[in-house]
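Taken together, the values in this text are just the output of simple stated rules run on the coordinates, not laboratory data. Given the structure is predicted, the values throughout are model-derived calculations rather than measurements. Quick reminder, even Gly has a Cβ in these numbers, built from the backbone with ideal geometry, and neighbours come from all protein chains shown.
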């Protein structure tokens, strides 16, 4: 599976689009996906950041658009050229290539650009927040809190799957890792450590304004203040100089790599209402927010109405809000922590990971992820699982209800260690493959069963070949394991012929279970 991102950063648009794309790109890479980027060399671009993260970047030259006198979209000028020109420049860079997924995160791009690139990708994912233009896409992700799917009515085709809401917020894995620790630290809140982050670029120099007003508060003398900025910020040196002069304990941190750990040790954050909002919410970090761009206002207003954040209209209101922090810190933290759990990138990846496998004499076998199945296929998956011949060899021999099935599918979306596929060849469902205990590049457990309602010959052999090919080639694991009842002689013989060897025999509820293993060649 290979994926191409089209995303930009600049002084005007900030770094948030690139940062959330990098988060998703890392999740994709960890799951064996080849990832590349296209990005334009705007002033304030983050191309080096992308390359330093280990991804190839096709670079578009910086240009000043003079031909599009009447802007088609509100943010058309962010592109620097017309959509047609940008599309043709991208085509020149990727001629001869074809991508399973194209992922676009750009307010200046709509269906006009997308249609021109159609012959270079199979499916298209759009990352958006604005719902202000049409897209010809297969999946659309909008991580806005409390957003309604109706916002995209008539803006996307009927086939488009909408991933809407803050549970899809694209956060780095470090935030999931430190979330529990951060939430525990806020049970009895106190204000000693203050975090300030007005965005990676902060072209309006809000940081200096915040620091100056803080210095006028008696509260500031007892605070430890950490200011986070990007190295590309045009006011970085001015902020450093100001920090040296002010009578406060201030440390300036550039290009912070361990933001989650920093948030754990912070009691309140002052920040812009951009993409870092999700990071603060995940960590339950109480926040005073300032709208620094017009597109941030709807989200900020929505969160403020729910008392999830404290929204100030200007920096003059910050000191009074801080001085009353003991009245709102705990409630704000509790509410913020419910907005997102840090698993948005995993949920998004799982919605993209349908797969195709080609075997000798059997081309284009489709691996259809359970979370992407239509109603008919979901119903078939349940009937297969509940068939007596399948249940007999399961640890859980109970009949699964529709409600249990739906909850199971829902939980799969956020799982990093489990993946279930319905396997199709042409119009025939061959059976099911489940992968558990997934450790990409290391090991994986799997199980298969043929469709009991199909008479397709050799389906068991095909399922095993598909599972092995996906595990060894896509996930790049070194070994795959399975468990089978010792009295299931037919299955054991089949797995021996497929290259598995017995590793050990254990007892489970009075019956012996054979653990078998197959290693990569």
Practice item. Rounded to the nearest 0.05, what FRET efficiency do residue 393 and residue 30 give with R0 = 45 Å and r taken as the Cβ-Cβ distance? Could you check? Key: 0.90
Check your understanding: Going highest first, how would you order 50-56, 443-449 by mean Cβ packing within 10 Å?
Key -> 443-449, 50-56
Review point. Separation between the residue 301 and residue 216 pseudo-spin-labels, each 7 Å from Cα along Cα→Cβ, expressed in nm?
Key: 2.8 nm
Exercise for review: Would you calculate, for the chain, the mean residue ellipticity at 222 nm contributed by helices, counting each DSSP H stretch of 4 or more residues as -39,500 (n - 2.57) and dividing by all residues, to the nearest 500?
Suggested key: -9000 deg cm²/dmol
Check your understanding: Helix 402-412 versus the longest principal axis of the chain: what is the Cα-based angle in degrees, 0 to 90, to the nearest 10?
Key -> 60 degrees
Point to revise | Label point distance in nm, residue 241-residue 265, each placed 7 Å from Cα along Cα→Cβ | key: 2.9 nm
Point to revise | In degrees, nearest ten, helix 236-245 long axis to first principal axis of the chain (Cα) | key: 60 degrees
**Study point:** Protection-proxy order for peptides 419-427, 197-205, 317-325, each taking the mean of Cβ atoms within 10 Å per residue, highest first
**Key:** 197-205, 419-427, 317-325
**Study point:** Nearest-ten-degree value, helix 459-469 long axis tilted from longest Cα axis of the chain
**Key:** 40 degrees
Review point. Counting alpha carbon pairs within less than 8 Å and at least 6 residues apart, what relative contact order, in whole percent, applies to region 353-519?
Key: 16 percent
